Amino acid sequence: MSQDGAGWLARARAAAERPPLRPRDPLHVEDGGGKLVAVGSIEKDTAERLVEARLPLRRSGSGWRVDAPAVASLAAIAAWLRDAGLAGRWRDELLAVVDADERAVATVERGVVRVLGLTTHAVHLVGFAAHGDAVWVQQRAFDKATDPGLWDTLMGGQIAADETVESALARETWEEAGLDIGALRELRAAGRITIRRPVAEGYMVEHLAVYSARLPQGALPANRDGEVVRFECLDRASLEARLARGEFTLEAGLILAREALGREPNA
């Protein structure tokens, strides 16, 4: 990469591993066997407001515990956070609440996962052109709640509570790029990247499952869900220059630096 590109990548690496801006306390729920497990984190002021509002949350050692049953309690907490203006965009979409071993122990509305510091999972697809090393990228819609108008991998999306990585990959590839995952060539799992950083709603901890594939000859991506403005196919030099200018999301930049440019995101 160029010197500017190398500087961008160093900044991106640092941005992907940042502590919270304000102190946060551990957040716990009971798993299916009644064991208390850590699942996220919450700011003390927010927790105290929830307790004052008589929500199912209480002090537990140096942290907080959500009363059982976790699903119902988290739903009540999420609704209060929404009504108090503390949640992100409401999606009516459930994500898995996972413990340190990534076992699903509950579900919760997607719009509050950052407020509660919960670990989320997403999947991204790096789409190479039919021949050569050019890659397809998408521009995110300007009304997206996160990173509107920035450029992204060919496809990137959250894994819902009722999905596997593979089913989310197939669904999102069809919805965002109009491509049948079964028709892609050289599809392979390309490891995982983890992001830990402050965001507007709270704190983000997200594991990104990365896949790569090559589009068949003549195939063109076409958005189907209204979340993409357009697609472009970039050669290596153009991609590198645009990464250096900061035109891509943090997540996409780290993924493309590794998969398309051969630079490890955590090197």
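We did not get these values from a lab; they are worked out from the coordinates using the rules stated. It should be emphasised that the depicted structure is a prediction, and the values quoted were computed from it without experimental measurement. Cβ coordinates were reconstructed from backbone atoms using ideal geometry, including for glycine residues, and neighbour counts include every protein chain displayed.
A few points about this structure:
- Low-density loop positions, chymotrypsin sites (Phe, Trp or Tyr not before Pro), the range 63-138 - DSSP coil, at most 15 other Cβ in 10 Å: Trp90
- The range 81-171 - charge dipole about Cα centre, Lys and Arg +1 at Cβ, Asp and Glu -1, debye rounded to 20: 280
- For a paramagnetic label modelled on Ala141 (point 7 Å from Cα along Cα→Cβ), amide N atoms under 16 Å away belong, within the range 89-129, to 89-93.
- Most mobile listed residue (Val210, Val113, Val165) in the chain, GNM with C-alpha springs under 10 Å: Val165
- Answer label for Kirkwood radius over Cα pairs in Å (calculated), chosen among [x] 22.7; [y] 18.2; [z] 19.5: [z]
- Max mean-square fluctuation residue, GNM over the chain, Cα-Cα springs under 10 Å, options Ala257, Ala134, Ala241: Ala241
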